[in-house]
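Trainee: One structure follows; several queries about it will come next.
No value in this document is a laboratory result; all are computed from the given coordinates. Predicted model only: the values in this text are computed from it and were never measured. Every residue, glycine among them, receives a Cβ derived from its backbone with ideal geometry; neighbour counts consider all protein chains shown.
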Amino acid sequence: MAIIVREPVLVLTKTNGSLLPTYGEMVYFTLTLRHLAASTVNAYDVFITDTLPLGLIYVPGSAAFGGGFVDESSYPPTLIFTRTALALGDVATITYQAQVSNPPTVSVGSLLTNTARAQWTSTPGDNPFERTGSGGVNDYFSPTSSTVVVGGADVQIVKRDSPDPVIAGALLTYTLHVTNTGPSPAANVMVTDA
């Protein structure tokens, strides 16, 4: 006699629409929870947490979760999304916005890693014998993250004189060296030396 084990196998992915946002800019996040090919049944009691790092400020009311519920009460730093079930073949999508903080909380080049985790069960409601993401053969959870690099130009100017020291009445030359250590391009840069 063969025993066939049927269980939900899901994966959570996360993307953001702005890889180099600058101070105060909005970042649009999308989380997608879907069944993998190995999944054979519905998933139940879907529970997703999304923890925003220091430097990203959630925009209240911006979260949307089709077919699910959004709980902002644990923010900061965590948003909670729940859904009763995810039918086999269905895809659940969550979207929300966060704003990049200003200095000194973040600086140009700061890495802001936003981590999310989905957890589900194999039967609806409470069942002490089901796997729930707490460990074991099938953990029934899927972690994901998305990193945002704070963009902006980081322009630096170095001024040098030559010769040094200079003799009275001799020619003195100044050289200005302008660099941008990024990560974003510097546009319309104007240098004035008075």
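Trainee: Under 15 Å from the Cβ of Leu172, count the other residues' Cβ atoms, weight Lys and Arg +1, Asp and Glu -1, and hand me the total.
Mentor: Details: positive: Lys159, Arg160; negative: Asp161, Asp164, Asp193.
Local net charge: -1.
Trainee: Can you give the relative contact order of the chain as a percent, counting alpha carbon pairs under 8 Å and 6+ residues apart?
Mentor: 24 percent.
Trainee: Let me spell out the model: positive unit charges on the Cβ of Lys and Arg, negative unit charges on the Cβ of Asp and Glu, origin at the Cα centre of segment 1-152. What dipole size does that give, in debye rounded to 20?
Mentor: Dipole about the Cα centre, nearest 20: 260 debye.
Trainee: Normalised by the residues of segment 88-190, what does the relative contact order come to in percent, with Cα pairs under 8 Å and at least six apart?
Mentor: Rounded, it is 25 percent for segment 88-190.
Trainee: What are the ³J(HN,Hα) couplings of segment 160-168, residue after residue, when phi is run through the Karplus curve with 6.51, -1.76, 1.60 and θ = phi - 60°? Round to Hz, x for glycine and proline.
Mentor: 10, 10, 8, x, 9, x, 9, 8, 3
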